[in-house]
Amino acid sequence: MAEVAYWWRGRLHSEREAPQLAIPLKLVKIEAVEWLCPRCGERAEWSPEPRCPRCGARCEPRTLVEEVPELVDAIEALERAFNRVCKARVRGAVLLEPFGIFVPLFTWKLLDVELPDGSRLVGVYAGKPRFLKRGFHNGSTTTFELPGNLAAIVWSGAVECLVFEVEEPEKLVELLSG
Ligand SMILES: [Zn+2]
């Protein structure tokens with residue numbers, strides 16, 4: 001079985017030292033190639049071919065195995081993180097129009113938490129399921145139900161609202177804000 005590491009704000013932790021909401025990620029082995037000088041062991045400079053920066057000899061390839069954390073998307077990462085604290089289940093995701101339109105509808109707790117896929121958790125809302133208005137550029141709106149009790153707002157070039165059913169939403173909001 002692959003080893004598990006805990007990821008939080010761009011850093012890997014062991015299980016013992018991981019913050020409570022750190023995201024469990026599997027470490028996957030990948031093969032990488034580096035070019036080394038056969039004489040002095042320096043790493044190659046590439047321009048236009050792999051040459052040693054010290055003695056100029058032509059470098060040779062060496063395969064090495066690197067362990068890197070697996071890539072998971074925002075919704076999977078947050079579900080794993082929340083499940084470490086209490087029972088959590090994904091209820092869905094919806095793309096929203098940019099902030100201006102929906103901010104007045106909720107009291108979002110503003111955050112800035114980096115996620116493993118490069119997106120950012122920019123806000124959370126904990127409370128009863130409720131209806132949310134979604135706006136469009138042409139001026140029309142639709143209303144849809146936010147079914148869970150914890151909504152996570154993620155920015156990944158677009159604003160996405162990820163909805164979870166969790167046992168202790170207030171506790172999660174508190175931990176995320178800490
Ligand atoms: Zn060399």
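The values are calculated or read from the model by the stated rules, or taken from the named source; none is laboratory data. Remember, it's a predicted structure, so these values are computed and weren't measured experimentally. Don't worry about glycine lacking a Cβ; one is built from the backbone with ideal geometry, like all the others, and counts go over all protein chains shown. These area figures cover heavy atoms from the full protein model, side chains too; ligands, DNA and RNA do not enter into them. Shrake-Rupley method; radii C 1.70, N 1.55, O 1.52, S 1.80 Å.
Taking only C-alpha pairs under 8 Å that are 6+ residues apart, what is the relative contact order of the range 1-95 in percent? Please list the in-between numbers first.
Details: 149 pairs, mean separation 24.4, N = 95.
Computed value for the range 1-95: 26 percent relative contact order.
Kindly rank 151-161, 50-60, 9-19 from highest to lowest mean number of other beta carbons found within 10 Å of each residue.
Final packing ranking: 151-161, 50-60, 9-19.
Tabulate in residue order the Karplus-calculated ³J(HN,Hα) for the range 78-91, using 6.51 cos²θ - 1.76 cosθ + 1.60 with θ = phi - 60°, rounded to whole Hz; enter x for Gly and Pro.
So the Karplus estimates, Gly and Pro as x, are 5, 4, 5, 4, 5, 5, 6, 9, 7, 5, 9, 9, 6, 10 Hz.
Tell me, what is the per residue accessible area of the range 9-64 in Å², probe radius 1.4 Å? Mind showing how you got there, number by number?
On the way: 3990 Å² over 56 residues.
Heavy-atom SASA per residue in the range 9-64 reads 71 Å².
When the chain is fully extended, how far beyond the present Cα-Cα distance does residue 175 get from residue 85, taking 0.36 nm per residue of separation? Walk me through the numbers on the way to the answer.
Details: separation 90, 0.36 × 90 = 32.40 nm, distance 0.96 nm.
Using 0.36 nm per residue and subtracting the Cα-Cα distance, I get 31.4 nm.
For residue 159, list long-range residues whose amide hydrogen, built 1.01 Å from N in the peptide plane, is under 5 Å from its own amide hydrogen.
For residue 159, the qualifying residues are 96.
Reachable aspartates and glutamates from residue 171, Cα under 17 Å, same-chain residues fewer than 8 places away excluded?
Partners within reach: 79.
Using the Cα centre of the range 19-92 as origin and beta-carbon charges of +1 (Lys, Arg) and -1 (Asp, Glu), tell me which of 59, 92, 33 is placed farthest towards the positive end of the dipole.
So the residue furthest toward the plus end is 92.
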